[in-house]
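Okay, so here's the structure we're looking at.
Please treat every number below as a calculation from the coordinates, not as lab data. None of the values given here were measured: they were computed from a predicted structure. Note that we place each Cβ from the backbone using ideal geometry, even for glycine, and neighbour counts take in every protein chain shown.
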Amino acid sequence: MLEEFLLKRLDERGIDADVESTGVHVSARRHKMPSGPTIACMRRRGIDIREHRSRHIDTIDFFQFDIIIAMMTWIKEDVEKRGYTGPLIVADISNPASSRPQDYEVCAKQLEQFAEEIVSAL
C-alpha cells in the first residue's frame, strides 16, 4: 500500500522517482497477490493493486535507492545487516494481515499520512 501511496503523491507533485516494495519475510518470495481486504481497501481510494505481486528484498539491488523505508524497526535492522548504510526511515506501521477489514482502513490512513510526510519532505 505504501508504494502506491508514495507513487500517487510523487506523481501529484510532478516528482520523478523510482519506488519499489519488497519484503523480508520468506512469504515475499512467493510472488503473492495482495489480499482481498487490501485490494478492496485500496480500491476505495481509487487505486488498483490487483497486479502487484510480493517480492523478496533479495530480488533487488537496494543500494540503488537514495532512501529506504522500513515498515518496522526489525526490518531496518535486517537491511542494515545486509550492508546498507544510506538513509533508512522506519514507518512503524503494523501490517494488518489476517486482521479485520477495519484494521486495513486504519493502516491505509496511517500509510497515506506517512506518504504525504515523506513526499512533503523532499
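What is the percent of Cα-Cα separations in the stretch 58-99 that go past 14 Å? The partial results should precede the final answer.
Numbers: 420 of 861 pairs.
Result: 49 percent of Cα pairs exceed 14 Å.
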Fill in: Length-normalised contact order of the chain in % [C-alpha pairs under 8 Å, at least 6 apart]
28
Practice prompt. Return the single residue from Glu105, Glu77, Glu20 with maximal mean-square fluctuation; model: Gaussian network over the chain, springs between Cα atoms under 10 Å.
Written response: Glu77
Practice prompt. Report, ordered by chain and residue number, the lysines lying within cross-link reach of Lys8, taken as a straight Cα distance under 30 Å and ignoring same-chain residues fewer than 8 apart.
Written response: Lys32, Lys76, Lys109
Worksheet item: With r defined as the distance between the Cβ atoms of Leu122 and Arg30 and R0 fixed at 35 Å, what FRET efficiency is calculated, to the nearest 0.05?
Response: 0.60
Worksheet item: Using a ≥ b ≥ c from the Cα gyration tensor of the chain (square roots of the eigenvalues), is it rounded, prolate or oblate, where a/c under 1.5 gives rounded and otherwise the larger of a/b and b/c decides, a/b for prolate?
Response: oblate
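May I ask you to compute the full-extension gain from Ser98 to Thr59, defined as 0.36 nm times their residue separation minus their alpha-carbon distance, rounded to one decimal in nm?
Length gained, Ser98 through Thr59: 11.5 nm.
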Worksheet item: How much mean residue ellipticity at 222 nm does the chain get from its helices, if each DSSP H run of length 4 or more adds -39500 (n - 2.57) and you divide by all residues, to the nearest 500 deg cm²/dmol?
Response: -12000 deg cm²/dmol
Practice prompt. Please work out the C-alpha center-to-center distance from the stretch 80-113 to the stretch 1-45 and express it in whole Å.
Written response: 11
